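As structure tokens, the structure follows; a few thoughts come after it.
FYI, it's all coordinate maths here, none of it is from the lab. Only a predicted model underlies this, so the values are computations on that prediction, with no experimental measurement involved. Reconstructed Cβ throughout: ideal geometry from the backbone, glycine too, with neighbour counts over all protein chains shown.
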Amino acid sequence: MTEPDIKKGLAGVVVDYTAISKVNPETNSLLYRGYPVQELAATQPLEAVAYLLWNGELPDAEQLAELRLTERAHRAIPDDVRTTIDLVPLDAHPMDEVRTAVSLIGARDLAGSGSVLDASGSPEQNLERSIRLFAVLPAIVAYGQRRRRGLEPVAPRDDLDYAANFLWMTFGEEADEVVVDAFNRSMILYAEHSFNASTFTARVITSTLSDLYSAVVGAIGALKGPLHGGANEAVLHIFDEIGSAENVGAWLDQALAEKRKIMGFGHRVYKRGDSRVPTMKAALDTLVEHYDRPEVAALYDALESEFVARKGIYPNLDYPSGPAYNLIGFDTLTFTPLFVAARVTGWTAHIMEQLTSNTLIRPLSEYNGPDERHIDGYVADT
Ligand code: CMC
């Protein structure tokens, strides 16, 4: 019998076409709809990048204004969703809170929509649902952080763009321009990354002709894991453990002896460095300067150079974004929900793309359990 050619973790398997983004590990580049991500991060607000991911082109001034109008109109958390968030235990992970909120938003929106045969929705309905989720997620994430800190929620502000309003709702004060800019860049870098685990999860769910909200809820579940989105949170735990730059060598000796994975390093696709890291590292540098925290940069640099020298494994986006979010003032547990708020743009673009040429995603497995056997005394009906 010939051995089947099993690709564990689907590593190296190309499962479909996508026109949304291109990850090129050879040239260490990432394009969204053809545009290098670092150019988008340097020149665009996240709203324009969301428009690009959904529609294929950057918006003109009028199209951006229209998107912003809709986004601003849907920023507030509906009362019953807030009440439901309050039922999530305060010591549950905020990703559970976000997942629960999105699930209820979906149930409210789809109520009365009829049979499962109509669940997948029209392109217009799905674009509208995508914009609404994009609009409300910052309030959900901000509310979660404030709830855990015992603070009152802060209402959204119509006069602020997405990134500035997100920071306003989280901290209750207007952020400095340099902070808004670094945060906006991070969100653009997180927005899309082809067939990563959470996006693929969303596409699998969509391929059954289920609804957009179910696909996003599933994607949130996939993103929570520390091998994927949870790594940005895990980087800060590592920084806390190490303490300061001079402890890096001894800490790394022990961590590697214990065969620990060093969070924020390594990538399934990029083996010579993540294309997003230089842009995010530059944003982190501006924050280090702004907050006058050179010891953060020292620890970052020491761990990076020591780990790369020892293992030849490079940082991924979560390595600079973790300390950047920490400097801005986000709680460590809020980091992965921030990733959700950004990546919902990519997920929903993929959900809509999957529906344009859908085939049920249903791979095969090779059975390696016990040979056929039978229940003692069982006599088959004749
Ligand atoms: N620390 C220590 N060793 C590592 C690391 C790491 N961060 N990453 C890879 N390796 C080692 C791994 O142990 C293995 O060694 P060996 O061949 O001796 O068993 C070798 O490198 C190959 O690693 P792999 O786990 O087989 O590679 P993969 O492509 O399956 O995994 C990864 C990629 C991201 C899961 C892995 O690098 C990892 O666990 N990194 C830490 C978690 C992390 O930072 N995740 C964020 C990923 S990027 C953002 C996102 O997409 O969410």
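Calculate the FRET efficiency for residue 246 and residue 10 from the Cβ-Cβ distance with a Förster distance of 35 Å, rounded to the nearest 0.05. Plugging the Cβ-Cβ distance into 1/(1 + (r/R0)^6) gives 0.25.
Normalising the average separation of contacting C-alpha pairs (under 8 angstrom, six or more residues apart) by the number of residues puts the relative contact order of region 231-328 at 46 percent. Summing Lys, Arg as +1 and Asp, Glu as -1, what charge do residues with Cβ under 13 Å from the Cβ of residue 161 carry, residue 161 excluded? Result for the neighbourhood of residue 161: -3. Annotation: for a label point projected 7 angstrom from Cα along Cα→Cβ of residue 87, residues of region 104-121 with backbone N closer than 15 Å are 104-108. Its Cα gyration tensor gives the chain an equivalent ellipsoid; the semi-axes, largest first and in whole Å, are 33, 30, 22.
Ranking 30, 329, 110 by Cα position along the charge dipole of the chain, where only Lys, Arg, Asp and Glu carry charges on their C-beta atoms, puts 30 farthest toward the positive end.
In a fully extended conformation the segment linking residue 253 and residue 298 would gain 14.3 nm over its present Cα-Cα distance, using 0.36 nm per residue. Computed from the C-beta positions of residue 118 and residue 311 and an R0 of 51 Å, the FRET efficiency is 0.50 to the nearest 0.05. The charge dipole of the chain, taken about its Cα centre with unit charges on the Cβ of Lys, Arg, Asp and Glu (plus for the first two, minus for the last two), comes to roughly 620 debye. Label reach from residue 356 (point 7 Å along Cα→C-beta): in region 29-54, amide nitrogens under 12 Å belong to 33, 53-54. With R₀ fixed at 35 Å, the C-beta to C-beta distance from residue 174 to residue 19 puts the FRET efficiency at about 0.40.
The ranking of 364, 10, 303 by Cβ neighbour count inside 10 Å, starting from the fewest, reads 364, 10, 303. Each Lys and Arg Cβ is given +1 and each Asp and Glu Cβ -1; about its Cα centre, region 285-360 then shows a dipole of about 340 debye. Residues 27, 208, 170, arranged from fewest to most other Cβ atoms within 10 angstrom of their Cβ, appear as 27, 208, 170. Normalised by residue number, the volume inside the convex hull of the Cα atoms of region 1-114 is 254 Å³ per residue. Normalised by the number of residues in the chain, the average gap of Cα pairs under 8 Å and 6 or more apart makes the relative contact order 23 percent. Pairs of Cα atoms nearer than 8 Å and 6+ residues apart set the relative contact order; for region 93-229 it is 30 percent. A cut-off under 12 angstrom between Cβ atoms defines the neighbours of residue 32, and their net charge, with Lys, Arg +1 and Asp, Glu -1, is 0.
Since only 296, 286, 320 are under comparison, the one whose Cα sits farthest along the positive direction of the charge dipole of region 231-328, derived from C-beta charges on Lys, Arg, Asp and Glu, is 320.
Here region 231-328 is assigned +1 on the Cβ of each Lys and Arg and -1 on the Cβ of each Asp and Glu. Its dipole about the Cα centre then comes out at about 660 debye.
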